[in-house]
Amino acid sequence: MPEIAEPRPLLVQIYRMLMADKFALCGVIFLIILAVSAIFGPIFLEDAATRPNLRGRNAPPLSMENGWVNFLGTDSVGRSMLARILVASRNTLQISFISVFVALSIGCALGLIAGYSTPRTSNLILRGADIIMSFPSLLLAVIVLYMLEPSIFNLVLVLAITRVPVYLRTTRAEVLEVRERMFVQAAVVMGASKRRIILRHILPMVIPTLITIATLDFAFVMLAESSLSFLGIGIQPPDITWGLMVAQGRPYLVQAWWLAFWPGLAIILTTMSLNLLSIWMRTALDPVQRWRLEIGRKTND
Amino acid sequence: MRNLNSCLIGAALVTMTAMPVMAQDRNVTIVLGEEVDVVDPCMSSRSNVGRVILHNVSETLTELGDQGDGLMPRLATAWEPVDEDTWRFTLRPDVQFSDGTAFDAEDVIYSIERTNSDQIVCDNSAKYFGGLEVSMEAIDDLTVEITTSPAQPILPLLLSGVTVVPTGTDASAFITEPVGTGPYIFSEWNIGQNIILTRNDNYWGETPEVESATYVFRSDAAVAAAMVETGEADIVPSMSVLDATNPATDFSYPNSETFFLRIDTDVAPLNDRRVREALNLAIDREAFQGTILAEGVIPATQIVPPSTLGWNPDLQVWPYDPERARALLEEARADGVDVDTEINLIGRSNNFPNVTEVMEVMLAMIQDAGFNASLRMYDVSEWEDFYSKPFAGDRGPQLVAAQHDNAKGDPVFTMFFKYHSEGLQGAVWDDRLDSLIDQATAATGDEREALWREAFRVVGEEIITDIPMFHMVGFARVSARINFQPTIATNSELQLAQITFN
Amino acid sequence: MKAFIGKRAISSVISLVGLIIMVFFLSRLTGDPTALYLPLDASIESRELFRELHGLNDSIWLQFWNYVQDIARLDFGDSIRRSRPALEVVLEAFPWTLLLAFITMILVTFFAVLIGSLAAFRAGGVFDRFTSTFSLIGSSAPDFWVAIVAIVIFAVQLRWLPTSGTGTIWHWILPITVLFIRPFGLILQVVRGSMISVLSSAYIKTARAKGVKTRPIIFVHALRNAMLPVITVIGDQAAAMLNGAVVVETIFGFPGIGKLMIDSILQRDFTVILAAIMVTALAIFIMNLLIDLAYTLLDPRIRY
């Protein structure tokens, strides 16, 4: 006798669907560990991350000789790499997350409006995006950070603004495509309000694409911040971010590879986890695709 | 559009070109850290311009020897003071510019006038003629008299930085094809890519070994260093200590820069001498040597190198004594000095390799001695706002980190700017020091030396206006196929004539 | 169509004017350039002379008015730093970057679309996981870091390629490769995502149900529809290529506009910054126009 699937609580559903995709699961676990250590790590390790020790400089990694704190080696003035990476993770994640979130929200909202309103409004919004886009984001950031101080707030502001057009244009493009589809046309014919069409029919179709881009943008923002550090106008020491650590470690590439390697690895792992998560989310959020994970669950059961 | 063509052709005709062959030929390639974007001889005191132009294309009347042999003749064969404010220079006969015209006294006058022209802004004018009224007279073809107001006792030294161009050189704009008397001719400038000099066969002096030199620009020091390693280039005159990993090709040389922190003596608690002394005692200078700074840096007692006239040998390097520093701080606190005000260390990003690390370590040392201090790194133009007057009225107590370059052998280039009340970068206001500097500037001979020596004592011991750190070193990488000894002068020039082949 | 292009041109000019105004005032607010050009110990007099010569003593409004007048005559003024016409300086550098970006973008588009749609056919398969992972690792590494490592490996250790500079085709390989990695990873992901979405949509299923079995036909059908979001991203990436160009050109000593712009910003060479912006903005507007045209070609339902 066939089992009748009962609606399960959301969390359980998410858990089940996550279990079906081991890659995404790894990504989520990594991100959770990262978030926890970014929140609590700095409290215990602030001192180890900022106290120079010239006698113990450039200590090689993967050795317990200098205590567990220095397991990942020490930097050019003898500070623990592990402690610095954890302390830097807070700034890095804050900057990236807030920038991407702000850019996505504004970009998506403007994109929906642009795709679903009068040509005049649409044009106005698109030309606004053109202004930002016609100037490479990194250079815009350089100019703005040059004028204002390169503080974390300003960095977030400028990175967010420069990322808005991506979401805006993608959203609009998707809207243009989706609104011609049968089910949207049907809703229009049946007299659904604009608001309802956008929120109920269009937004859900747009979100998966946006999230794919957002996760990659998370990486982009981390890397843009890193490039700004390379050019010397990002976050200024003694503040630290992963990007700044990579930039500072670059001259030591030959003598002490770990200075640039660990923070670089942190960036790569974070980006990859987010991406695996986004692949999973794309499937999980798409009603047409979800069966893939559900089948996975059933066969696992 | 020439570049568009060359760029497209370069991509299209790829098969015709091959990797540069470096062996037997007598050409050298030199990698500069910053693009040379002007080539006017009157900009030769800018170090990247000087490394191409100075003494290669354009020459000067006098030349400062780099091995301690003082001022040597170049385009002038002799010079003597006529009276208090006038100097007479005898010029070298039978010298030709690379365009074929003969060199004479009119050219010298024209060159100095052009340098000081109000149509163009020349670094050489700002650097050597600031505040000087100059009048000149050609006595005959090969004799020129130069009068300055006020009197300038070291005029011949100043002229070691002033390049000579032929009469008639455009004085309303920077020239792009400099003509000079030097051993090399400026033959090609592919903007952004390279500059090529070729040997001048009509040169008045000895014929050098190098036939032609190509200058390329790489802002990344690691890439520049790699180019010598792979044989793509022969000399990197300036690179980071971090890349100086091969003792066979990498040479350190004193680069005439002195690293120091200027103390703002006007703002509490830095207006208390004990606090300034405590700052100096808090720094463990030895800890930097051979760790984040090169082994060869020399702890400094004053901000000019020992080869400078009037350098005071009696000043001692501050010992590392955090105990005493703490005691001095407590003493000041007991007298009501507000020693808990946060002191700001102001650093300049990319001032020299590792500057950030150095500043971070200094911050930790100062904090260890009981100071409340913080650090901010600024890019050069923002940093300038802190370094040069006018200072902000409500500034807190500041320690501004800077490098000072004085390779000229006379502290007049230093003292007024850094220590006179009216000096652009002075953060000390002391009448006695002002009059000492004024007297010394006008004095000559032993008196001049004694006055400078006294001024350095006042600055370093009596008032304590700085935290002197190190006389710095630079690193050059020189390919094994050539002989070139970098010296203190390599910071501002690179004489191709000094290069020989192995 | 003509009316559309005309309209676009007008609105482009308007946004260009907006950009110029913004950057003019931003660049003037970033501080007095005098200190950057003259030696630190330059006297007050020479500083004053410098300001006078370059009109930096005038009020900012007067400076702006003069600038607008000059621009109307297509005179961008002289570079403060180089004492040559700013437009000349920019036009020397621009072709380098244009060629660099163009070659890179062609390669990126070709490989990203090819590999991305192949991956989408077997979403979740080995090939898909493999390409996703590798493109992702590649595009997650900071480009300046990749560039230096590439130089250390291919130029210094293996001696296969020159470290940097220009001259032969070999000089172009490393910069293009470094510039290639990031947009490739991003576009690959978008192609893949879009293709998966299209492949599972009703009309492809219908087509399959109706008996269109041959893969190439499905591929072409699906690709055509999947290209809409892809083209948007390609456009963005082509513009963003200048970001990569800044870093790549700096490291490889490439005399392009990215390096020129960053140098000019650091040196506060206003005239060059503004001329460079005009030229790049113009190029990007033209490209956006082409992208909009591509939309209409791919999807006739979209009308402007």
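The values are calculated or read from the model by the stated rules, or taken from the named source; none is laboratory data. Since the model is a prediction, treat every value here as computed from it, not as a measurement. Neighbour counts are summed over all protein chains in view; Cβ atoms, including those assigned to glycine, are modelled from backbone coordinates with ideal geometry. To get the accessible areas, we keep the full protein, side chains included, count just its heavy atoms, and leave off ligands, DNA and RNA. Shrake-Rupley method; radii C 1.70, N 1.55, O 1.52, S 1.80 Å.
Evaluation of B:Phe260 against the conditions (1) over 25 Å from A:Arg57 (Cα atoms); (2) under 24 Å from the mean Cα position of the chain (by Cα) shows that the sole unmet condition is (1).
For A:Pro237, indicate whether it is surrounded by fewer than 24 Cβ atoms within 10 Å (Cβ to Cβ) and within 25 Å of C:Leu188 (Cβ to Cβ). So A:Pro237 does not fit the description; no.
Look at the range B:366-383: where a residue is more than 10 Å from chain A (Cβ to nearest Cβ) and in a loop (DSSP other than H, G, I, E, B) and a partner is of a type in the set (S, T, N, Q) and surrounded by fewer than 18 Cβ atoms within 10 Å (Cβ to Cβ), sitting 6+ places away or on another chain with Cβ atoms under 8 Å, you get B:Asn372/B:Thr341. Of all residues in the range C:225-282, those that are more than 14 Å from chain B (Cβ to nearest Cβ) and of a type in the set (Asp, Glu) total 1.
Taking into account only those residues within the range B:40-91 that are assigned to a helix (DSSP H, G or I) and small (Gly, Ala, Ser), which is least open to solvent (accessible area, probe 1.4 Å)? Before the answer, list the steps.
Residues of the range B:40-91 assigned to a helix (DSSP H, G or I): B:41-43, B:47-53.
From the residues that got through so far, the ones that are small (Gly, Ala, Ser) too are B:47, B:50.
Working: B:Ser47: 51, B:Gly50: 0 Å².
Selected residue: B:Gly50.
Based on what the data block shows, is C:Ile196 at pLDDT below 85, at the interface with another protein chain (Cβ under 9 Å from one of its Cβ atoms) and either closer than 22 Å to B:Ser219 by Cα or within 21 Å of the chain's Cα centre (by Cα) (or both)? In short, no. Residues in the range C:155-168 that are buried (at least 16 other Cβ atoms within 10 Å of the Cβ) and in a helix (DSSP H, G or I): C:Ala155, C:Val156.
Tell me which residues, restricted to the range C:78-89, are open to solvent by less than 30 Å² (accessible area, probe 1.4 Å) and either farther than 17 Å from B:Asn194 by Cα or in contact with an Asp or Glu (Cβ under 8 Å, 6 or more places away or on another chain) (or both).
Here is the first cut: in the range C:78-89, the residues open to solvent by less than 30 Å² (accessible area, probe 1.4 Å) are C:79-82, C:84, C:86, C:89.
Within the range C:78-89, C:Ser79, C:Ile80, C:Arg81, C:Arg82, C:Arg84, C:Ala86 meet the criteria.
Determine if the range B:222-239 includes at least one residue that is part of a loop (DSSP other than H, G, I, E, B), crowded, with 23+ Cβ neighbours inside 10 Å and out of contact with any Pro (no Cβ under 9 Å at 6 or more places or on another chain). Checking the range B:222-239: at least one residue is part of a loop (DSSP other than H, G, I, E, B), crowded, with 23+ Cβ neighbours inside 10 Å and out of contact with any Pro (no Cβ under 9 Å at 6 or more places or on another chain).
Limited to the range B:219-242, what total is found for residues that are modelled with pLDDT under 85 and at the interface with another protein chain (Cβ under 9 Å from one of its Cβ atoms)?
Residues that pass the stated criteria total 7.
When residues in the range A:96-122 are screened for being open to solvent by 60 Å² or more (accessible area, probe 1.4 Å) and either in contact with a strand residue (DSSP E or B) (Cβ under 6 Å, 6 or more places away or on another chain) or farther than 13 Å from A:Val206 by Cβ (or both), 7 of them pass.
Being within 14 Å of chain A (Cβ to nearest Cβ), assigned to a loop (DSSP other than H, G, I, E, B) and among the polar types (S, T, N, Q) is true of B:Thr245.
Would you confirm, using the coordinates I've provided, whether C:Thr104 is in a helix (DSSP H, G or I), open to solvent by 20 Å² or more (accessible area, probe 1.4 Å) and at pLDDT 85 or above? Step through it out loud before you land on a result.
Details: in a helix (DSSP H, G or I): yes; open to solvent by 20 Å² or more (accessible area, probe 1.4 Å): no; at pLDDT 85 or above: yes.
Answer is no for this residue.
Restricting to the range A:236-247, give me the number of residues that are touching a Leu at 6+ places or on another chain (Cβ under 8 Å), in contact (Cβ under 8 Å) with a residue 40 or more places away in the chain and at the interface with chain B (Cβ under 10 Å from one of its Cβ atoms).
The first filter runs over the range A:236-247 and keeps only residues touching a Leu at 6+ places or on another chain (Cβ under 8 Å), leaving A:237-238, A:243, A:245.
After this cut, where a residue has to be in contact (Cβ under 8 Å) with a residue 40 or more places away in the chain as well, the list is A:238, A:243, A:245.
Now drop any that are not at the interface with chain B (Cβ under 10 Å from one of its Cβ atoms), which leaves A:238.
So the count comes out to 1.
Tell me, please, whether a residue that is assigned to a helix (DSSP H, G or I), more than 9 Å from every other protein chain (Cβ to nearest Cβ) and more than 24 Å from the chain's Cα centre (by Cα) can be found in the range B:425-432. The answer is yes; a qualifying residue exists.
Screening the range B:384-417 for residues that are among the aliphatic types (A, V, I, L, M), under 27 Å from the mean Cα position of the chain (by Cα) and open to solvent by 20 Å² or more (accessible area, probe 1.4 Å) and picking the one that is nearest to the other protein chains (Cβ to nearest Cβ) gives B:Val412. Among residues of the range A:37-56 that are within 14 Å of chain B (Cβ to nearest Cβ), those with a beta-carbon under 7 Å from a residue that is modelled with pLDDT under 75 and open to solvent by 70 Å² or more (accessible area, probe 1.4 Å) at least six positions away or on a different chain give the pairs A:Gly56/A:Asn66. Total residues in the range C:155-181 satisfying the condition of being at the interface with chain B (Cβ under 7 Å from one of its Cβ atoms) and over 25 Å from C:Thr109 (Cβ atoms): the figure is 9. When B:Ala497 is tested against (1) crowded, with 19+ Cβ neighbours inside 10 Å; (2) under 22 Å from the mean Cα position of the chain (by Cα), exactly one condition is not met: (1). One residue stands out among those in the range B:35-62 that are under 15 Å from the mean Cα position of the chain (by Cα) and among the charged types (D, E, K, R): the one that is farthest from the other protein chains (Cβ to nearest Cβ), which is B:Arg51.
When you check A:Leu199 against the structure, is it within 11 Å of chain C (Cβ to nearest Cβ), assigned to a helix (DSSP H, G or I) and modelled with pLDDT under 80, yes or no? Here the answer is no, as A:Leu199 does not meet what is asked.
Scan B:Glu454, B:Glu462 and give me the residue that is closer than 30 Å to B:Arg274 by Cβ, surrounded by fewer than 22 Cβ atoms within 10 Å (Cβ to Cβ) and in contact with a helix residue (DSSP H, G or I) (Cβ under 7 Å, 6 or more places away or on another chain). Before you say what the answer is, go through the steps one by one.
Details: B:Glu462 fails: in contact with a helix residue (DSSP H, G or I) (Cβ under 7 Å, 6 or more places away or on another chain).
Just one listed residue meets the conditions, B:Glu454.
Here B:Arg348 fits the description: at pLDDT below 90, open to solvent by 10 Å² or more (accessible area, probe 1.4 Å) and among the basic types (Lys, Arg).
Each row is one residue, and each column tells you yes or no for (1) within 22 Å of the chain's Cα centre (by Cα); (2) open to solvent by 20 Å² or more (accessible area, probe 1.4 Å).
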{"residue": "A:Leu138", "(1), (2)": "yes, no"}
{"residue": "A:Phe153", "(1), (2)": "yes, yes"}
{"residue": "A:Leu159", "(1), (2)": "yes, no"}
{"residue": "A:Leu168", "(1), (2)": "yes, no"}
{"residue": "A:Arg179", "(1), (2)": "no, yes"}
{"residue": "A:Phe183", "(1), (2)": "no, yes"}
{"residue": "A:Ala192", "(1), (2)": "no, yes"}
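Residue-level analysis places A:Pro251 among those that are of a type outside the set (Asp, Glu) and open to solvent by 10 Å² or more (accessible area, probe 1.4 Å).
Going through the range B:194-221 one residue at a time, which ones are open to solvent by 40 Å² or more (accessible area, probe 1.4 Å) and in a loop (DSSP other than H, G, I, E, B)? Explain how you work it out, then say what you get.
Residues of the range B:194-221 that are open to solvent by 40 Å² or more (accessible area, probe 1.4 Å), as a first pass: B:198-199, B:201-202, B:204, B:206-207, B:209, B:211, B:219.
Across the range B:194-221, the qualifying residues are B:Asp201, B:Asn202, B:Trp204, B:Glu206, B:Thr207, B:Glu209, B:Glu211, B:Ser219.
The set of residues in the range C:133-154 that are assigned to a helix (DSSP H, G or I), in contact with a Gly (Cβ under 9 Å, 6 or more places away or on another chain) and either facing chain A (nearest Cβ under 9 Å) or aliphatic (A, V, I, L, M) (or both) comprises C:Leu136, C:Ile137, C:Ser139, C:Ser140, C:Asp143, C:Trp145, C:Val146.
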